[in-house]
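The values are calculated or read from the model by the stated rules, or taken from the named source; none is laboratory data. Keep in mind the model is a prediction, meaning the values are calculated, not measured. Here Cβ is always computed from backbone atoms with ideal geometry, including for glycine, and neighbour counts include all displayed protein chains.
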Amino acid sequence: MNSEEIKKKGDLILGNVSINCVVFGFNKGDLKVLLTKWPDFESHMLPGGFVYKHEHLNDAVTRVLYERTGVKDIYLKQFEVFGDSSRMFEDVFKKHFRIPETEVGENPWFARRYISIGYYALVDYTMVEPTPEGDAEMCMWKDAENCPELSFDHQLIFESALRSLRYDFLTQHIGLKLLPETFTMSQVQELYESFLKTTFVRSNFQRKMLNLGILERMEKQVIKKPHKAPFLYSFRPDWTENYHLFI
């Protein structure tokens, strides 16, 4: 962006409000987090953006996520609002936008204190195509258990999202939203073992999951070998009203 484009963007957005999204996926036994990175910076960032003046907040979040993932109808939860008085990052934006000091002007929009609304999102990893916002950004999956250094106060936001997800995983089984629309019991067990850092006896785990009352078995199996093929499962339509605690 040149200085004129930056000013124009500032005229379009709602002042002092931003969005940060912690996007989680699950692949090959590991929890993943979607991160972005500016080429001229060492550290990574969480996907985020601003709210346009005439845009609903939920529409803004949906837009930001679609731009970075190419996926719609993503499970979202607002988990915290970050409003520390020190949330001002003028020097970082100056460096990234490469704006000469003489062109900054008085009180530029990117120098203001921003209150950020944090959301975590759960996606089917295989459906996401990480997409950067323009040429001045990269977008990629990283291992959530070994998350790289994050810019701004995004480390705080990421850790808060992870705590919220882990609590919701145990109390509401929300982690199952990381799986495809239909899934095998082996995939469910792999997910729970990864999150809880333990192993389960297969038959005991299956019985416990089915007793929760949130899954229904599909008639269709994975392959056409009835005596060997695992069954597929999906969420019951009313699963949020009838689930029981796993713990």
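Brief remarks on what is shown
- For beta carbons closer than 9 Å, sequence separation of 6+ or different chains, a first residue in segment 203-214 that is without any contact (Cβ under 8 Å) to a residue 60 or more places away in the chain and within 17 Å of PHE235 (Cβ to Cβ) and a second that is of a type in the set (Lys, Arg) and surrounded by fewer than 14 Cβ atoms within 10 Å (Cβ to Cβ), the qualifying pairs are LEU210/ARG217.
- From the list GLY25, GLY15, the lone residue that is among the small types (Gly, Ala, Ser) and over 12 Å from the mean Cα position of the chain (by Cα) is GLY15.
- Condition met for MET140 (under 26 Å from ALA60 (Cβ atoms) and in contact with a Pro (Cβ under 6 Å, 6 or more places away or on another chain)): yes
- Leading residue by the ranking (modelled with the lowest pLDDT) among those in segment 1-31 that are β-branched (Val, Ile, Thr) and part of a strand (DSSP E or B): ILE13
- Taking every residue in segment 182-197 that is assigned by TED's automatic domain parsing to the domain that holds PRO237 and within 15 Å of LYS28 (Cβ to Cβ) and pairing it with any residue that is at pLDDT below 90 and outside any helix (DSSP H, G or I), at least 6 positions away or on another chain, the pairs with Cβ-Cβ distances below 7 Å are THR184/VAL222; THR184/PRO230; SER186/PRO230.
Residues are listed down the side, and each one gets a yes or a no for (1) under 26 Å from ALA144 (Cβ atoms); (2) at pLDDT below 75:
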| site | (1), (2) |
| --- | --- |
| ARG68 | yes, no |
| TYR75 | yes, no |
| VAL81 | yes, no |
| MET88 | no, no |
| VAL104 | no, yes |
| VAL123 | yes, no |
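- Only one entry in THR199, THR184 is farther than 28 Å from GLN78 by Cα, modelled with pLDDT of 90 or more and surrounded by 15 or more Cβ atoms within 10 Å (Cβ to Cβ), namely THR184.
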